[in-house]
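The values are calculated or read from the model by the stated rules, or taken from the named source; none is laboratory data. Keep in mind the model is a prediction, meaning the values are calculated, not measured. Cβ placement follows ideal geometry from the backbone for every residue including glycine, while neighbour counts extend to all protein chains displayed.
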Amino acid sequence: MSDVIVDFPAKFAAFDKPCRYKFARGGRGSGKSWSIAKKLLIKGGEKPTRILCTREVQKSIKQSVHQLLKDQIIAMGLDNFYQVLDTEIRGKNGTRIYFSGLSDITADTIKSFEGVDICWIEEGQAITKKSLTTLIPTIRAENSEIWVSYNPQLDTDPIHELASSERDDVITIDVNWHDNPWFPAVLNDERLEAQKVMSVAEYEHTWEGKCMPAVEGAIYFDQIAESEAKGRITLLPYDPMLKVHTVWDLGFNDSMFIIFVQKLASEIRIIDAIEDNRRTLVDYVTNDVAPMNLNWGDDWLPHDGFAKRHQSGKSDADVMRALGRKVMQTPNMEVEAGIRRSREVFPRVYFNKESAGVLRLVECLKRYRRHVSKATGEPSRPVHDEYSHGADGFRYLCIVADKLTNSDQEEYDKPAPIPTVKNYW
């Protein structure tokens, strides 16, 4: 191994410094995966090293970097040192390279990770928060390191947030096609063609390693991109001269999502939002909503909020009216029609970036997507997941957007006033 000479893009010199976390992020043609593979093979040749190569989903060894490492072993002339087996790679000095998908982690596989010296996470943008939370404390050998190669998708991806943090134990390099001295002409031709046919956001993500405005295939991709470009995700303080309406997506085991909105002329201003689960309506109203002591307008519930429960004989609307709320019914509109309506209203919507709840709503809209058939590749119905509840609440808001008013409507009997919570905004 002492006489092996390998060249790397200059930025990868940062990976030679000992550090707990090392991130290489960038777009296509940057050489980041090849460079990491070479560095790991060199380290494994210098001394016995246990290396885990992982990604979020690995249904077979073909989905791993096994072939990439095999190719680099041959290219570097290390085939006499490394033995490439079907599911792992072994070095003559005792180095072992393993492959595993994080989504399939079990109690037994976690135990086998504990002695790993270097963990390489490929396609890091796909790693879920759950997988990262499980993996990190498992890689705990003395001076162990976690290396990640990824092309950032959203700025809220768990890996990207860690790579962008200002921690002393994090090294992050940005590498793109122009940082790769061996960037091939054929790939450059593809890049130039992509520049002609792709949107600016798609090109910058694919080739320049920039974050996307929303996940690929997001239902509201164009609308979110326009909202960011035109500054509609902004500082948006509560205006006491305008009514505050709430729009509810009801849930108990699933998430409850409540959107707080004001309307000025045609502008729809989302000033706050709440998401939680396994709580009663009474709990939300008495402990979250009413204590805000705002200039309340109407509370809009979907049609199922008006169905009588057989246990109590009361609907959710009855419960809220008993608490002094002014309840209105969101018209029952088919989902696809509601999505079309949302796209029409989107250019009038402003989001308060000072509210964590509103930023969570924006996150839901960025990740709201459709099922895609594996057989045909065609998109179908929206995916029901942790992001769909916020998107459903937003759809309900857009359905009633033109019904929101700043005038006083029918008053219901109210309970005794609740003390004002100061400095809420």
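Before moving on, here are some points about what is shown:
- Residue within the range 25-43 that is exposed (fewer than 15 other Cβ atoms within 10 Å of the Cβ), in contact (Cβ under 8 Å) with a residue 24 or more places away in the chain, in contact with a strand residue (DSSP E or B) (Cβ under 8 Å, 6 or more places away or on another chain) and assigned by TED's automatic domain parsing to the domain that holds V170 present: no
- Of all residue pairs spaced 6 or more apart or on separate chains, those with beta-carbon atoms under 9 Å, a first member in the range 324-345 that is polar (S, T, N, Q) and a second member that is assigned to a loop (DSSP other than H, G, I, E, B) are Q329/P302; T330/P302; N332/P302; S342/I219; S342/Y220.
- Here K17 fits the description: assigned by TED's automatic domain parsing to the domain that holds L162 and in contact with a strand residue (DSSP E or B) (Cβ under 8 Å, 6 or more places away or on another chain).
- Checked against the criterion of being buried (at least 18 other Cβ atoms within 10 Å of the Cβ), in contact with a Phe, Trp or Tyr (Cβ under 9 Å, 6 or more places away or on another chain), farther than 27 Å from K129 by Cα and of a type in the set (A, V, I, L, M), the range 48-56 has no qualifying residue.
- Qualifying residue in the range 60-80 (condition: over 15 Å from I42 (Cβ atoms), exposed (fewer than 15 other Cβ atoms within 10 Å of the Cβ) and in contact with an Asp or Glu (Cβ under 9 Å, 6 or more places away or on another chain)): yes
- All of (1) surrounded by fewer than 20 Cβ atoms within 10 Å (Cβ to Cβ); (2) aliphatic (A, V, I, L, M); (3) closer than 28 Å to L359 by Cβ hold for V148 with one exception: (1).
- When residues in the range 387-406 are screened for being within 20 Å of the chain's Cα centre (by Cα) and among the hydrophobic types (A, V, I, L, M, F, W, C), 2 of them pass.
- The numbered conditions (1) within 29 Å of the chain's Cα centre (by Cα); (2) aliphatic (A, V, I, L, M); (3) under 15 Å from N352 (Cβ atoms) are all true for L264 except (1).
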